[in-house]
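Here the structure is laid out as structure tokens; the discussion comes afterwards.
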Amino acid sequence: MNDVVTYDLCKSVLRNIKKCLPSNISQYSVHEPNLSTKVKKELNKCLSSTHVSSSGKYIDKLSESLKNIIGSKYILLTNSGTSALFCAFNEIDITNQEVIVPSMTFVATPNSVIHAGGMPVFVDCSKSSLNIDKDDLEKYLIVNYKISNGKCKNKKTGRVLKCIVVVHAYGEAANINLICKLAKKYNLEVIEDAAGALGSVRSNKHVGTVSRMGIISFNGNKIITTGMGGALIFKYKKDYESVKHKISTARIQHNWKVEHDMVGYNLRMANINAALGYGQIIDFEKILNKKRELYQRYCDIFSNNKYCYIKKSDNSSNNNWVTNLFLKDEYLNNHQSLINYLQNHKIFVRELWKPMHLLPMFEKCRHSRIINAVKSWQTGISLPSSYYK
């Protein structure tokens, strides 16, 4: 690609991005928290109460707010989304068993599989989105797995395949119902990694509620942040009670005795973190509306662009956490030049997640023929997507 085309491409993208963003800001990151006066007020209340650790009213307030948004009776707050994922895998027991994971995900997903004793097997995303393609997944299962004595087993290794992780990538709700039907056919559990998808709904169900367990992240770059934090969503009360006990150091409830009945974990969210999240979540509908407006501006401005495009979702009820822009095939070689150009103009875009099967610690893991995830990574950039006032 010649220098004239590269320069014109970069200028075109920069100009269009700026048209979508407020002009009174000196620099733009992919996603920043908007810590309003309300948020600071709730934090000050928490500090005044002195309940800043694992107990306090903000744990309950944030939990209740989430239950209302998500539509689940059973939600636990954790100290990170990664902890929530680990707890989900630990609860279904994936020790020495395989777990299907999309290669297009954040590293926390396969890391959690490894920490819980499982082995990730990576599959591709679809051409039209960054989520698992159900048809390609089914073909991979047919070729590589069989049902034996009621268990799904790898034809070559003989290992049991225990679970499919469905990642709702960048907040876009995957077609979880179709994948759950496929999982049932192969006697597989399904865990939903909805880390960035709080507020995303498909078929009138909030993500994370269709499968046995789902998780949300409240990291600093998420639509609602608690600084560090996450949440586990449960379908079944027995799972909720079991994990609640384990993440509370397996302490036996008593007014003064300090005793424990098993090896547990200390993975709870702190009250002060919950206060930070609660101060934002009380304005959640307003935040979602701002996100939708920005996403639509991006879609409109890039609708007929010569160089790039936005993949349109088939679901209109996403939270639009992060909007991703993709270069057309013939401009793939301009990817790094474009990112560098935007960074130099204080538009701090990022690459998409590098596909997991390309990372050194996962290079020996089994995987399908992964084409779409690699292409998306090579052509995609995450745009500034904060909920600007």
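The values are calculated or read from the model by the stated rules, or taken from the named source; none is laboratory data. From a predicted model like this one, the values you see are computed outputs, not experimental measurements. Glycine gets a Cβ as well: all are built from the backbone with ideal geometry, and neighbour counts include every protein chain shown. Note: accessible area is taken over every heavy atom of the protein model, side chains too, but ligands, DNA and RNA are not part of it. Shrake-Rupley method; radii C 1.70, N 1.55, O 1.52, S 1.80 Å.
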Check on L76, open to solvent by less than 80 Å² (accessible area, probe 1.4 Å), under 30 Å from Y236 (Cα atoms) and not hydroxyl-bearing (S, T, Y): yes
Which numbered condition V13 fails, given (1) open to solvent by 30 Å² or more (accessible area, probe 1.4 Å); (2) in contact with a Cys (Cβ under 7 Å, 6 or more places away or on another chain): (1)
Helices (runs of 4 or more DSSP H) enclosed by the stretch 268-382 - at least 3 residues per element that are among the basic types (K, R): 284-301
Some residue of the stretch 214-236 being touching a residue at least 12 places away in the same chain (Cβ under 8 Å), in a loop (DSSP other than H, G, I, E, B), of a type in the set (F, W, Y) and open to solvent by 10 Å² or more (accessible area, probe 1.4 Å): yes
Qualifying residue in the stretch 180-191 (condition: open to solvent by 10 Å² or more (accessible area, probe 1.4 Å), farther than 25 Å from I114 by Cβ, among the hydrophobic types (A, V, I, L, M, F, W, C) and not in a strand (DSSP E or B)): no
Scope the stretch 192-209; condition surrounded by fewer than 24 Cβ atoms within 10 Å (Cβ to Cβ) and touching a strand residue (DSSP E or B) at 6+ places or on another chain (Cβ under 7 Å); matching residues: T209
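Kindly evaluate Y7 against the criterion of being closer than 30 Å to L383 by Cβ and either modelled with pLDDT under 95 or of a type in the set (F, W, Y) (or both).
Judged against the criteria, Y7 is a match.
If only one of G56, G81 is open to solvent by less than 40 Å² (accessible area, probe 1.4 Å), closer than 26 Å to M213 by Cβ, over 24 Å from the mean Cα position of the chain (by Cα) and touching a residue at least 24 places away in the same chain (Cβ under 8 Å), which one is it?
G56
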Residues located in the stretch 347-389, provided they are touching a Phe, Trp or Tyr at 6+ places or on another chain (Cβ under 7 Å) and open to solvent by 70 Å² or more (accessible area, probe 1.4 Å): E351, K354, H367
Yes/no for I147 being at pLDDT 95 or above, open to solvent by 20 Å² or more (accessible area, probe 1.4 Å), of a type outside the set (D, E) and outside any helix (DSSP H, G or I): yes
F284 vs. criteria modelled with pLDDT of 95 or more, buried (at least 16 other Cβ atoms within 10 Å of the Cβ), closer than 22 Å to V165 by Cβ and hydrophobic (A, V, I, L, M, F, W, C): no
Complete set of residues in the stretch 157-213 that are β-branched (V, I, T) and within 22 Å of S128 (Cα to Cα): I164, V165, V166, V167, I176, I179, V201, V207
Number of positions in the stretch 107-141 that are open to solvent by 10 Å² or more (accessible area, probe 1.4 Å) and farther than 27 Å from N315 by Cβ: 6
